[in-house]
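See below for the structure under consideration.
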């Protein structure tokens, strides 16, 4: 097996020993959207909080991990075999993240270890949301997930900080912060009639500058991003079973049920009324 994705959504009454689900000799990524967890190896221990990500490998000894009781845990895991990484990651260029490089260079089995926790960037949040609700089915599904495998690797397995030290300017960092702030404000106000001018005021720059830098960094316009996160939130509400189609549409800012249904079908490939029947709370895709 080369890779696998799995989405988790649960609220345990008692502490969950999460480490039992880890597979030996595989590098795993956790994109943690909600809930607190801990990962502990021999020489390191990290805490995963809401909107954080971590890399870890189970090798010569078990990796201890648990999730707290009484919290809703929503997270996506991506597992990669060492053989798959050796075949597909560039070697000898000095760009692979040191933690990942040690896994690639290790004799079998690799040393059990946990890398430092990092915040979820807007791009990683978008990636996690997309993986929760694939827009394709059938034969196209495997191809779509394979593309996402390389996207996860590109985001998390390379030393972007080293590249930024060479090429990024202070202005670039400021622009990134503004884009992240704008994206966070959009997510927190899905039902509000947001304007570009208001967003610009919120993050401290002109609407034109925000629009341009947002598109450059996110790969989509602000209006496209708003549409995507609204529909993803609506899909989550429908999966919960606590909202009908009309309630979900209104909750995320759609006043027209017809427009909502059309947009939902374009994104998820089915009408919103049938969507909960097709999507279980936990799902896995692998190769």
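Please treat every number below as a calculation from the coordinates, not as lab data. The model shown is predicted, which means the values in this text are computed figures rather than measured ones. No Cβ is skipped: glycine too gets one built from the backbone with ideal geometry, and neighbour counts run over all protein chains shown.
Taking the range 130-144 and a reference point 7 angstrom along Cα→Cβ of residue 266, the backbone N atoms nearer than 20 Å belong to 130-131, 133-137. Dividing the summed helix terms, -39500 (n - 2.57) for each DSSP H run of n ≥ 4, by the number of residues in the chain produces a 222 nm estimate of -14000 deg cm²/dmol to the nearest 500. Placing a label point 7 Å from the Cα of residue 13 along the Cα-to-Cβ direction, the residues of the range 56-73 with a backbone N closer than 12 Å are 70. Which of rounded, prolate, oblate describes the range 3-158, given a ≥ b ≥ c as roots of the alpha-carbon gyration tensor eigenvalues and a/c under 1.5 marking rounded, otherwise prolate only if a/b is larger than b/c? The shape class here is oblate. Residue 147 versus residue 257, label points 7 Å from Cα toward the beta carbon: distance in nm? Once both label points are built, they end up 3.3 nm from each other.
Computed from Cα positions, the angle between helix 222-240 and the longest principal axis of the chain comes to roughly 80 degrees. Rounded to 0.05, the FRET efficiency of the residue 220 and residue 240 pair, given R0 = 35 Å and the Cβ-Cβ distance, is 0.85. The ratio of the alpha-carbon radius of gyration of the chain to the globular-protein estimate 2.2 N^0.38 Å is 1.05.
What FRET efficiency would be calculated for the residue pair residue 69, residue 43, taking the C-beta separation as r and a Förster radius of 41 Å, to the nearest 0.05? Efficiency, from the Cβ-Cβ distance: 0.90. Taking 249, 78, 154 as the candidate residues, the one with maximal mean-square fluctuation in a Gaussian network model of the chain, Cα springs under 10 Å, is 154. Measuring r between the beta carbons of residue 106 and residue 50 and using R0 = 25 Å, the FRET efficiency lands at 0.20.
Computed over the range 168-219, the alpha-carbon pair-distance distribution with 10 angstrom bins reads 25, 59, 14, 1, each value a whole percent.
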